[in-house]
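Data first, discussion second: the structure below is written as C-alpha cells.
The values are calculated or read from the model by the stated rules, or taken from the named source; none is laboratory data. Just so we're clear, the structure is a prediction, and the values are computed from it rather than from any experiment. Reconstructed Cβ throughout: ideal geometry from the backbone, glycine too, with neighbour counts over all protein chains shown.
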Amino acid sequence: MKKLRVLLVTLVCALTFGSGVQAAEPETEMGKQMDKMSGAFRALRRQAADATKNADSLAKLKTIREMAIASEKLEPAMKAEIPADKQAKFVADYRAKMKEFVALVDKAEAAFKANNNEEAAKILGAMADAQKAGHKDFKKKDKK
C-alpha cells in the first residue's frame, strides 16, 4: 500500500510539474565530459581534507585530468554565438584556460602524493575558481 502511495505521489508530481519543463539542450560530447569531471570534482572537494582517502582523491584527479584533456580538444558550443572573425581567438583562449586547469590538477596531484592535504585543498579552491571563470567565459548560458 505504501509503495502505491509513493507511486501515486510521483505520478501526480510528474503530471503537475512535468508539463512546464523545457526540453533539455542536446547533450554534447563536451557536456558529457564536463559532467564526469564535475562529479569527480565535487566528490574530491568533500574528501580533500581526509588523508586516508588520498588514493581515491588521486583516482578522482585522474578522471578530472582525462576529461579536461579530452575537452581541451573540443570547441565550446558558445563559439557559434561569437562573431566569425573572433571565433579562432575564442577557441584558442578556451584551450589555454583548459591547459592552465590541467596544470592545477598536476599541482593538486603532487600535494596529495606528498600527503599535504591542506595545500591540496587550497589548490582545489583555485581549481573551483578557474571552473567558475571558465564557465562564465566559455559556457553557453542556460535558457530559462
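A few notes on this one:
- Out of LEU4, LEU15, LEU8, LEU58, one residue alone is modelled with pLDDT of 95 or more and either acidic (Asp, Glu) or more than 13 Å from the chain's Cα centre (by Cα) (or both). It is LEU58.
- Qualifying residue in the range 65-75 (condition: loosely packed, with under 15 Cβ neighbours inside 10 Å and in a helix (DSSP H, G or I)): no
- Within the range 130-144, being in a helix (DSSP H, G or I) and loosely packed, with under 11 Cβ neighbours inside 10 Å holds for LYS132, LYS136.
- Residue, nearest to the chain's Cα centre (by Cα), within the range 76-92, restricted to residues that are surrounded by 14 or more Cβ atoms within 10 Å (Cβ to Cβ) and not β-branched (Val, Ile, Thr): PRO76
- Each residue in the range 42-64 was checked for being surrounded by 18 or more Cβ atoms within 10 Å (Cβ to Cβ) and in contact with a Leu (Cβ under 8 Å, 6 or more places away or on another chain), and 6 of them qualify.
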